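Step one of this worksheet: look at the structure below.
Taken together, the values in this text are just the output of simple stated rules run on the coordinates, not laboratory data. Being a predicted model, the structure only gives us computed values, none of them experimental. Note that each Cβ is placed from the backbone with ideal geometry, even for glycine, and that neighbours are counted across all protein chains shown.
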Amino acid sequence: MNVEKLGPYRVVDLSKHIDPATSTRRCRVERYFQQSSKDYHTNVDIESHLGTHVETPYHYNDAWKDILDLPVTAFMGRAALLRLACAPRSPITKTMLDKAGGGRVRAGDIVVLDSPYHCEPFTNDPTDQRPYLCRESGEWFVAKQVKCIGFGDGVAIEYSVETACEIHEVVMPRDIMFLEVMRNLDQLRSDVFFLICQPMPIKGLDSCCVRAVAIEGIPGFCE
């Protein structure tokens, strides 16, 4: 189930669920019986950029922060969903972000982007019409002092090597992360919610798959 109730709150799972049998990225799970303790254990061999995952500054530069260099609060907090109105396959501009944000974005927010154009990412699909992040997008996020940029299959970061490098170089020195690639954004009822996307606490990880969860209705995080 992607949507559940937790007391008075509505919980939406925004994560891509991973099946090792069909994953196109490295994901190997080996379950074995341990004779000494008479129970089962599992060896997991995965790529850091698997499923829905956070990318830290260390992803782009050895001198920048990895998973454990960032505080635990970097991976949770107030989130604002921006539904972009734009032409197909266009750069995401400051004007576009201002219009979609409507003054709702605050310093320290996680900003989640979506658009009417959906396509499976990283596939080189010739019908791909998603708008894409670029240097101008990054400058807007820096000016707004957000801590994380999230998106699903309605926004592209891989439009070109040049534009991908530009936004990484603009935002990641400021400890702004990426949260890729989210699911079920269409099941959110609120454009402001509490978001949790905690990675595994392993030193040296540049990125890590997460269970991204939106909680709608928490006072102080719903407007």
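General observations
- Of the strands (runs of 3 or more DSSP E) that lie entirely inside segment 120-223, those containing 1 or more residues that are over 23 Å from residue 101 (Cα atoms) and touching an Asp or Glu at 6+ places or on another chain (Cβ under 8 Å) span 207-209.
- Exactly one residue out of 143, 79 is small (Gly, Ala, Ser) and loosely packed, with under 15 Cβ neighbours inside 10 Å, and it is 143.
- Being in a loop (DSSP other than H, G, I, E, B), at positive phi and either in contact with a strand residue (DSSP E or B) (Cβ under 8 Å, 6 or more places away or on another chain) or not small (Gly, Ala, Ser) (or both) is a property that does not hold for residue 106.
- Pairs where the first residue, in segment 25-49, is over 26 Å from residue 211 (Cα atoms) and the second is surrounded by 10 or more Cβ atoms within 10 Å (Cβ to Cβ), C-beta under 9 Å, 6+ apart: 33/41; 34/41
- Neighbours by Cβ (under 7 Å, 6+ apart or cross-chain): first from segment 79-99, at positive phi; second surrounded by fewer than 20 Cβ atoms within 10 Å (Cβ to Cβ): 89/129
- Segment 1-24, residues that are outside any strand (DSSP E or B), within 30 Å of residue 193 (Cα to Cα) and not polar (S, T, N, Q): 1, 7, 8, 14, 16, 17, 18, 19
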